[in-house]
């Protein structure tokens, strides 16, 4: 279904567990009932350098620093935003749930659980929490979360596109919108 409907670009038809040179990677690609997405090399790491307040109704972009890196270090008890490498197009009869991979969860790194609603499309903005008292590494271009797909018997009555959802066709890392 993914290839027929262009649901995931780029699409990796199988599970990748090592790099081209044989090095270890956190797996990504097609899995049994889902798809392990990769995190891109763009990050927004929250910081208190400018004493900004986090307010979802009036989000201040001084709340974070922008990084482009192969390895992002999330400070202890802190938070970062990132985006998926893959661009998703969810069909009207499909709902997905995106959950963090256990490799990171076992290190105290939590990826926020989020749905991709029917007819939503875009890069996924990923919310990464470091719940530990230690700095934590996030590896760009490797697996970070798994998307699990649920196909309905009938298409939904009102899709994300029908509602003109505020995160439709998002590119890059998207901060809170009102």
Discussion item. Going by average Cβ density within 10 Å per residue, which order do the peptides 80-90, 12-22, 124-134, 140-150 take, highest to lowest?
Written reply: 80-90, 140-150, 124-134, 12-22
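Using a ≥ b ≥ c from the Cα gyration tensor of the range 1-93 (square roots of the eigenvalues), is it rounded, prolate or oblate, where a/c under 1.5 gives rounded and otherwise the larger of a/b and b/c decides, a/b for prolate? All intermediate terms of the calculation are to be shown ahead of the outcome.
Details: a/c = 3.19, a/b = 1.62, b/c = 1.98.
The shape class here is oblate.
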Discussion item. Just to confirm my numbers, what's the Cα centroid distance between the range 41-109 and the range 142-178 in Å?
Written reply: 16
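Over the range 1-89, calculate the relative contact order: mean separation of alpha carbon pairs under 8 Å at least 6 apart, over the residue count, as a percent.
On the way: 127 pairs, mean separation 28.7, N = 89.
In percent, rounded to a whole number, it is 32.
Helix-derived [θ] at 222 nm for the chain: sum -39500 (n - 2.57) over DSSP H runs of at least 4, divide by residue count, nearest 500? Intermediate values should be presented prior to the final figure.
Details: 2 runs with 8 residues, N = 178.
After summing the helix terms and dividing by residue count, I get -500 deg cm²/dmol.
I'd like the projected area of the range 39-114, averaged over all directions, using the convex hull of its alpha carbons. Report it in nm² with one decimal. Intermediate results must be reported in sequence, preceding the final value.
Working: hull surface 26.9 nm².
For the range 39-114, averaging the hull's shadow over all directions gives 6.7 nm².
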Item to complete: Determine the relative contact order of the chain: mean sequence separation of Cα pairs under 8 Å and six or more apart, normalised by residue count, in whole percent.
Response: 27
Worksheet item: When the C-alpha atoms of the chain are aligned to their principal axes, what extent does each axis show, in angstrom, from largest down?
Response: 49, 45, 24
Item to complete: Divide, for the range 1-54, the radius of gyration over alpha carbons by 2.2 N^0.38 Å, where N is the residue count.
Response: 1.67
Worksheet entry | Principal axes of the range 125-178: Cα extent on each, largest first, Å | 46, 29, 21
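Throughout, read-outs are computed from the coordinates displayed, never taken from laboratory work. As the structure is a prediction and not an experimental result, all values here were calculated from the model. Here Cβ is always computed from backbone atoms with ideal geometry, including for glycine, and neighbour counts include all displayed protein chains.
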